[in-house]
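Undergrad: Sharing a structure below in structure tokens format, with a few things to ask.
Values in this text are rule-based calculations from the coordinates and carry no lab data. Because the structure is a prediction, the values reported are computed rather than measured. Here the Cβ positions follow ideal geometry from the backbone for every residue, glycine too, while neighbour counts run over all protein chains shown.
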Amino acid sequence: MLYPFFVTDCKFGAQIRKTKQKFMKNQFLALAFASIVLVGCGSTKKVSNTEAALSTPIATSINLTKVVDDKAPVLINPGRFTQDTVTYRLPRVVQGTYAISDFGKYIDSFKAFNYEGVEIPTNKIDVNSWTIANAENLDYITYYVNDTFDIEEVGGIGGEQPFSPSGTNIEPNNYVLNLHGFIGYFDSLKNNQYTLDIQSPKSFKRSSALQKVNETTSEDGKVVTTSYVAPRYFDITDNPMMYGDLDVEEFQVGDIKIVLSVYSPTKAHTAKKLRATMEKMMQAQKAFLGDINTTPRYDIFLYLAGEGEDQPKGFGALEHNTSTVVVLQESETDESLDESMIDVVSHEFFHIVTPLSVHSGDVQYFDYNKPTFSKHLWMYEGITEYFATLFQVNQGLIDEPAFYSKLVDKINMSLRMDDTMSFTEMSENVIDEPYASNYYNVYQKGALIGMCIDIIMREESNGQRSVLSLMKELSMKYGNNKPFDDDTIIDEITAITYPSIGEFLKKHVEGTTPIDYNVYFNKVGLVEGDGKVETNYLLNNGNLILGGDPVKRTIFFSDLVKDNSFWNEQGVLPNDVIKSVNGEEMTVVNANDMLQKMITMQPGDDIEVVLDRNGEEVVIKTKLTKSYTTGKVLKQNPDATAQQNALREAWLKN
């Protein structure tokens with residue numbers, strides 16, 4: 001049973017009184033500033049109780065020094081209400097995940113208190129929401145927050161739990177503070193300013209994307225209170241933090257300050273080692289973007305998951321407007337981690353173009369409880385992923401064959417999903433089936449849509465305009481605070497570009513006609529053919545080379561292993577059962593974790609695999625070498641015209 005220190009702990013009672021006094025001071029300063037503005041404008045209008053409530057900052061506190069049973073206490077002081085009943089909610093859905101998270105599931109001991117410090121009744125109306133009657137008497141709310149990392153059962157996006165990079169972590173040495181998991185909102189006050197105090201041990205490093213306004217140390221020197229301010233609830237959800245035993249590096253990319261914060265449980269990886277890779281990559285991204293510059297600071301929070309069942313299992317990243325939270329495995333080699341960070345962070349950083357600068361009203365006025373979704377994930381995620389792929393060849397980080405290989409991989413992956421599904425219809429209904437199962441296609445076909453638009457733009461303008469220049473035009477018109485109309489943006493894009501762009505979008509994005517990519521490759525002098533394709537140790541052209549036996553509860557190599565050069569050279573045969581990898585037993589229970597480790601293995605790594613071949617034990621102990629399979633490849637057409645070659649040069653290099 002939780003110790004109800006909010007009520008019975010005298011020391012914490014004193015802390016509440018001190019905190020409330022500070023809240024009142026912050027609110028007084030905010031109201032005083034508002035009064036100065038009113039007087040300065042010559043207004044003599046009296047402020048009503050309702051207006052006062054709407055202008056009062058919601059004062060919040062998270063105390064990391066009072067964690068009990070892996071749960072952190074939160075205090076919410078909304079100021080005085082004027083209505084009879086109010087509703088307080090934690091997000092059901094958060095932006096960027098396109099799936100239900102239900103952060104209310106992780107709230108315990110929700111209590112409300114009046115101005116005499118007496119607990120008053122609350123009513124939990126659904127998994128994320130509580131109502132409080134007689135709200136005129138409500139002084140403050142308290143509850144505990146349980147983290148999500150250590151109770152995850154599966155990884156990836158969707159399901160019945162938050163995707164790991166949108167989740168939370170509470171452990172002695174590390175706190176991942178995706179604030180949407182700790183702080184909620186009142187239905188009527190989402191646009192109020194928020195203040196946030198976080199109490200933490202003095203030994204902690206504190207890294208935050210939210211604006212810090214003050215920091216104080218307790219009289220005994222053990223606790224630091226860091227104070228932040230957020231203009232509205234969106235800014236609470238959009239600015240993650242990481243506290244604890246961190247490694248932090250800062251560097252400059254043009255006039256953008258980059259802050260890289262890394263938590264590695266065993267110190268296997270450091271921010272200093274990652275900095276060179278991140279700096280080179282982001283300098284290249286900035287050079288690719290040119291004069292698009294929407295943020296003075298960008299934060300990268302990297303949590304590296306260690307071994308054990310209590311570790312997060314959904315690897316990837318969640319973008320925010322000016323930051324990203326990344327969850328990867330600590331067991332990755334330095335080279336593998338560099339590669340993963342390039343793939344993941346480059347995508348997230350390009351979100352400073354869209355949806356930060358170009359987005360619809362569904363994004364601007366997001367409803368965390370009953371969200372509506374924009375039709376244009378082809379833009380937010382697809383074009384962003386396309387930029388993250390194109391800039392690498394544009395800036396010389398990879399060569400052209402490697403770039404073409406990435407495009408072919410995306411085509412192969414996209415064809416495993418519903419290629420006739422309207423992309424706008426899927427986007428608008430993305431949390432429901434059958435659309436949710438096709439969400440991953442935004443990173444595959446969505447990027448290919450961006451590629452086709454880019455090639456059309458280059459062709460129509462003799463190489464002078466591109467999808468990047470289109471996004472620059474749209475960002476100049478709209479920017480951070482002006483949404484576009486979801487229903488008319490395709491017509492608007494057509495009007496400022498070419499009829500052929502409108503035809504493509506209506507046929508292949510709004511419509512259900514699959515894209516013939518060879519039409520667009522032909523425009524830039526590329527041709528598809530058979531060849532040797534570099535692959536990894538689990539997939540051939542996106543197809544898993546393993547199978548599972550649910551009766552025997554074993555994992556085995558399928559017939560596809562014959563077309564994977566590394567395993568073929570080691571003498572592996574179809575139906576060989578994997579008993580262990582590098583000393584760790586392979587079971588159907590831990591298979592997902594082990595396969596995630598295997599897919600990140602790199603040439604040069606040591607590997608020892610024990611197989612069961614019809615009852616006979618077979619041991620493979622060697623160093624990994626590059627693995628190849630056969631498949632479709634893109635290459636330059638020797639019969640391409642000068643015009644086609646010039647268009648390809650403009651597409652890849654300008």
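Undergrad: Compare the Cα positions of 391, 408, 233 along the charge dipole of the chain (+1 at Cβ of Lys, Arg; -1 at Cβ of Asp, Glu; about the Cα centre) and return the one farthest towards the positive end.
TA: Value: 233.
Undergrad: While we're here: Give me 89, 232, 416 ranked fewest to most by other Cβ atoms within 10 Å of their Cβ, as a rough exposure proxy.
TA: Lowest to highest Cβ neighbour count: 416, 232, 89.
Undergrad: Mind checking which of 317, 305, 287 is farthest towards the positive end of segment 246-336's charge dipole, using Cβ charges of +1 (Lys, Arg) and -1 (Asp, Glu) about the Cα centre?
TA: Checking the options against the dipole of segment 246-336, the answer is 287.
Undergrad: Ok, one more. Rounded to the nearest 10 degrees, what's the angle between the helix 467-477 long axis and the longest principal axis of the chain, both from Cα atoms, 0 to 90?
TA: Approximately 20 degrees, to the nearest 10.
Undergrad: While we're here: If you take the beta carbon distance between residue 173 and residue 255 as r and set R0 to 41 Å, what does 1/(1 + (r/R0)^6) give as a FRET efficiency, to the nearest 0.05?
TA: 0.75
Undergrad: FRET efficiency for residue 625 and residue 646, Cβ-Cβ distance as r, R0 = 45 Å, nearest 0.05?
TA: 0.70
Undergrad: I've got another one for you. Once the piece of chain linking residue 364 and residue 114 is laid out straight, how much longer is it, given 0.36 nm per residue of separation minus the C-alpha distance between them?
TA: Result: 86.5 nm gained on full extension.
Undergrad: Then there's this: With the cut-off at 27 Å, tell me which of the pairs 280/632; 272/597; 477/506; 375/410; 313/406 have Cα atoms farther apart than that.
TA: Numbers: 280/632 31 Å; 272/597 24 Å; 477/506 23 Å; 375/410 21 Å; 313/406 25 Å.
Violating the 27 Å Cα-Cα cut-off are 280/632.
Undergrad: Moving on to the next point. Note the per residue figure in Å³ for the convex hull of the C-alpha positions in segment 246-336.
TA: Values: hull volume 8.8 nm³, N = 91.
Taking the convex hull of the Cα positions in segment 246-336, it is 97 Å³ per residue.
Undergrad: Let me know the charge dipole size of segment 533-630 about its Cα centre in debye, to the nearest 20, where only the beta-carbon of Lys, Arg (+1) and Asp, Glu (-1) is charged.
TA: 100 debye
Undergrad: Pick the calculated log10 I(q)/I(0) by the Debye sum over Cα atoms at q = 0.06, 0.07, 0.12 Å⁻¹ for this structure from (i) -0.45, -0.57, -1.14; (ii) -0.38, -0.51, -1.35; (iii) -0.27, -0.38, -1.26?
TA: It is the one labelled (ii).
Undergrad: Something else: How much length is gained if the chain between residue 70 and residue 279 is pulled fully straight, taking 0.36 nm per residue apart and subtracting their Cα-Cα distance, in nm to one decimal? Don't skip to the end; give the middle numbers.
TA: Numbers: separation 209, 0.36 × 209 = 75.24 nm, distance 3.58 nm.
Length gained between residue 70 and residue 279: 71.7 nm.
Undergrad: Give the residues of segment 522-565 whose amide nitrogen is closer than 13 Å to a point set 7 Å from the Cα of residue 612 in the direction of its Cβ.
TA: 549-557, by backbone N distance to the label point.
Undergrad: Run the helix sum for the chain: -39,500 (n - 2.57) per DSSP H stretch of 4+ residues, divided by residue count, reported at 222 nm to the nearest 500 deg cm²/dmol.
TA: When only DSSP H runs of four or more count, the value is -9000 deg cm²/dmol.
Undergrad: Hey, what do the phi angles of segment 197-209 turn into as Karplus ³J(HN,Hα) couplings, whole Hz, using 6.51/-1.76/1.60 and θ = phi - 60°, x for Gly and Pro?
TA: 10, 10, 8, 8, x, 4, 6, 5, 8, 10, 10, 9, 8
Undergrad: Oh, and also: Could you go through segment 570-576 in sequence order and give the Karplus-derived ³J(HN,Hα) for each residue, using 6.51 cos²θ - 1.76 cosθ + 1.60 with θ = phi - 60°, rounded to whole Hz, and x for Gly and Pro?
TA: For segment 570-576, the Karplus-derived couplings read 8, x, 5, 10, x, 6, 5 Hz, x marking Gly and Pro.
Undergrad: Sticking with this one: Near residue 532, which aspartates and glutamates are there with a Cα under 20 Å away, not counting those fewer than 8 places off in the same chain?
TA: In chain and number order, the partners are 399, 400, 409, 559, 563, 569.
Undergrad: Taking R0 as 35 Å, what FRET efficiency do you get between residue 575 and residue 339 from their Cβ-Cβ distance, rounded to the nearest 0.05?
TA: For residue 575 and residue 339, the calculated efficiency is 0.65.
Undergrad: At a 10 Å Cβ-Cβ cut-off, how would you order 539, 468, 624, fewest neighbours first?
TA: Values: 539 19, 468 23, 624 15.
The order, fewest Cβ neighbours first, is 624, 539, 468.
Undergrad: What's the exposure ranking of 289, 634, going from fewest to most Cβ atoms within 10 Å? Working shown, then result.
TA: On the way: 289 20, 634 23.
If I rank by nearby Cβ atoms, fewest first, I get 289, 634.
Undergrad: In terms of the Cα gyration tensor, with a ≥ b ≥ c the square roots of its eigenvalues, is segment 134-230 rounded because a/c is under 1.5, prolate because a/b exceeds b/c, or oblate?
TA: oblate
Undergrad: Could you give the length gained by full extension between residue 551 and residue 518, i.e. 0.36 nm per residue of separation minus their alpha carbon distance, to one decimal place?
TA: Values: separation 33, 0.36 × 33 = 11.88 nm, distance 4.39 nm.
Length difference between fully extended and current span is 7.5 nm.
Undergrad: To continue, here is another question. In sequence order, what are the phi-derived ³J(HN,Hα) couplings for segment 106-120 according to the Karplus relation 6.51 cos²θ - 1.76 cosθ + 1.60 with θ = phi - 60°, rounded to whole Hz, with x for glycine and proline?
TA: Working through the residues one at a time gives 9, 9, 10, 6, 6, 9, 10, 10, 8, 6, 9, x, 9, 5, 10 Hz.
Undergrad: How many nm separate the modelled label positions at residue 397 and residue 495, each set 7 Å beyond the Cα in the direction of the Cβ?
TA: 3.6 nm
Undergrad: What do you get for the angle between helix 642-653 and the principal long axis of the chain? Use alpha-carbon atoms, 0 to 90 degrees, nearest ten.
TA: Its long axis makes an angle of about 30 degrees.
Undergrad: Could you tell me how many degrees, from 0 to 90 and to the nearest 10, lie between the Cα long axis of helix 334-349 and the main elongation axis, the longest principal axis, of the Cα atoms of the chain?
TA: So the inclination is approximately 60 degrees.
Undergrad: Given H placed on each backbone N at 1.01 Å, which residues far from residue 554 in sequence or on other chains put an amide H within less than 5 Å of it?
TA: 549
Undergrad: Using DSSP, restrict attention to beta bridges with both residues in the chain and report what percent are antiparallel, rounded to the nearest 5.
TA: Just about 80 percent of them are antiparallel.
Undergrad: Evaluate the relative contact order of the chain (contact order divided by residue number), counting alpha-carbon pairs under 8 angstrom at least 6 apart; express in whole percent.
TA: 9 percent
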